[in-house]
Amino acid sequence: MATERAHAWAADAIRRIREHRRGTPPTPLRPLPLPSARGDIRVYVKDESAQPTGSMKYRLVGAMFLHAIADGAIRRDTPVIAATGGAVAVAGARFARLLGLDFTAVVPAKTPAEVLAGIEREGGRWRPGERPPAAVQEEARELAARLGGHFLDHFADAERAVAGCGEPTIADEIFAQLGGEPYPVPEWIVTGIGTGATSATVGRHLRRHGHPTRLAVVDPENSAYFPAWASGCADYATGMPSRIPGIGRPRTEPGFLPGVIDLVIPVPDAASVAALRRLNGTAGFAAGPATGTALWGALHLVARMREAGTRGSVVLVMGDGADPYRTTHLDPEWVRSRGLDPAPYEADLERFARTGEWRTA
Ligand SMILES: *Cc1c(COP(=O)(O)O)cnc(C)c1O
């Protein structure tokens with residue numbers, strides 16, 4: 001009887017999540033104007049800030065809930081615990097509320113007030129981690145064990161959950177949306193890596209469908225992904241935190257699949273900020289910092305295509321929007337206080353817009 005009730009709850013919870021996601025339209029794919037372009041190279045931005053919680057993490061977290069419910073790890077009274085002061089916590093609170101479950105995020109010190117407000121807005125709770133940021137995951141895991149709860153471990157689980165959830169992926173949407181465009185099969189798709197779920201999803205899609213499109217990953221300073229990819233040493237660690245929220249990790253995570261990645265482009269943080277300003281300024285995209293990183297990498301590829309005389313399209317993933325970053329990466333004072341000088345990179349972008357010439361270094 002109890003088993004029957006548990007199965008019924010799980011089936012109903014899965015149905016509710018699927019309905020909630022089906023009610024969410026595909027996020028927009030918008031053209032990015034290239035001032036000096038001759039029209040034979042098009043750049044598109046996949047705007048994931050249009051997800052219900054403002055970030056692409058909504059896809060990952062929805063898939064993780066589906067997975068954990070099917071596994072019996074989340075049941076009708078299971079508190080859900082996350083370890084992040086980022087977009088996973090906001091999406092986690094959203095899905096927990098949808099199912100009437102308790103949600104707590106253990107957040108690192110210095111988590112921006114905007115994110116904490118987002119968690120509360122979605123009906124979740126947060127508590128500051130008592131240990132250094134690197135140990136917040138352990139703390140959350142222990143809290144989950146104490147409460148008989150489920151630890152939403154996005155670095156360990158998001159990639160497999162997305163791969164197995166059977167929902168249309170970001171790659172399905174991109175190819176469907178490019179269908180009516182002049183170059184419907186892009187030359188490149190560009191994204192950053194946090195958990196690795198998005199790059200793995202795109203890379204698998206390209207192989208399964210036999211597309212010639214290549215996958216480029218942009219990687220910020222201090223991240224382990226570029227050195228791991230360049231050296232072939234899969235368990236590389238820098239031990240240093242990334243300054244670009246959502247992407248770059250002090251160590252490679254299990255979702256990082258170097259075999260599906262064609263190119264990793266290291267991007268200086270000041271260049272990410274310069275590109276972020278351009279997006280939020282003349283380009284008219286209210287994007288977050290990781291999209292600046294992706295734009296820098298995408299323009300590098302556009303320049304290479306121009307040089308080679310290749311026509312076609314480039315798609316970059318805009319993982320989240322500008323709002324959480326008004327008092328940080330979008331604030332010149334904050335940028336200065338971090339010792340970042342975007343000016344030389346802004347000059348590079350300006351020259352590229354005017355002449356189509358890309359910096360050589
Ligand atoms: C998480 C994140 C990414 C990277 O996605 P993963 O699938 O976790 O690798 C990119 N951009 C932003 C803004 C993110 O939050």
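The values are calculated or read from the model by the stated rules, or taken from the named source; none is laboratory data. Bear in mind the structure is a predicted one, so any value in this text is a computation, not a measurement. Cβ placement follows ideal geometry from the backbone for every residue including glycine, while neighbour counts extend to all protein chains displayed.
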Test result for ARG306, in contact (Cβ under 8 Å) with a residue 60 or more places away in the chain and either part of a loop (DSSP other than H, G, I, E, B) or more than 23 Å from VAL264 (Cα to Cα) (or both): no
Qualifying positions in the range 278-303 - more than 20 Å from GLY54 (Cβ to Cβ) and in a helix (DSSP H, G or I): ARG278, TRP296, GLY297, ALA298, LEU299, HIS300, LEU301, VAL302, ALA303
Subset of the range 157-212 that is part of a helix (DSSP H, G or I) and away from the ligand (no atom under 16 Å from the Cβ) - its residue that is nearest to ILE265 (Cα to Cα): ARG207
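Of the residues THR27, THR111, only one is within 16 Å of the ligand (Cβ to nearest atom), in contact (Cβ under 8 Å) with a residue 40 or more places away in the chain and of a type in the set (Ser, Thr, Tyr); which? Before the answer, list the steps.
Values: THR111 fails: in contact (Cβ under 8 Å) with a residue 40 or more places away in the chain.
None of the other options fit; the residue is THR27.
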Residues of the range 311-342 satisfying the condition of being under 19 Å from THR282 (Cα atoms) and either free of Cβ contacts under 8 Å to residues at least 12 places away in the same chain or touching a Gly at 6+ places or on another chain (Cβ under 8 Å) (or both): LEU316, VAL317, MET318, ASP320, GLY321, ALA322, ASP323, TYR325, HIS329, ASP331, PRO332
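Which fully enclosed helices (runs of 4 or more DSSP H) of the range 1-106 have 3 or more residues being closer than 30 Å to TYR183 by Cα?
Numbers: elements: 2-22, 57-70, 87-98.
Here the list reads 57-70.
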Verdict on ARG351 being surrounded by 14 or more Cβ atoms within 10 Å (Cβ to Cβ) and within 12 Å of the ligand (Cβ to nearest atom): no
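What is the residue count in the range 97-115 for residues that are surrounded by 13 or more Cβ atoms within 10 Å (Cβ to Cβ) and at pLDDT 95 or above? Step through it out loud before you land on a result.
We begin by selecting, within the range 97-115, every residue surrounded by 13 or more Cβ atoms within 10 Å (Cβ to Cβ); these are 97-99, 101-108, 111-112, 114-115.
After this cut, where a residue has to be at pLDDT 95 or above as well, the list is 97-99, 101-107.
Going through the range 97-115 one residue at a time, the tally reaches 10.
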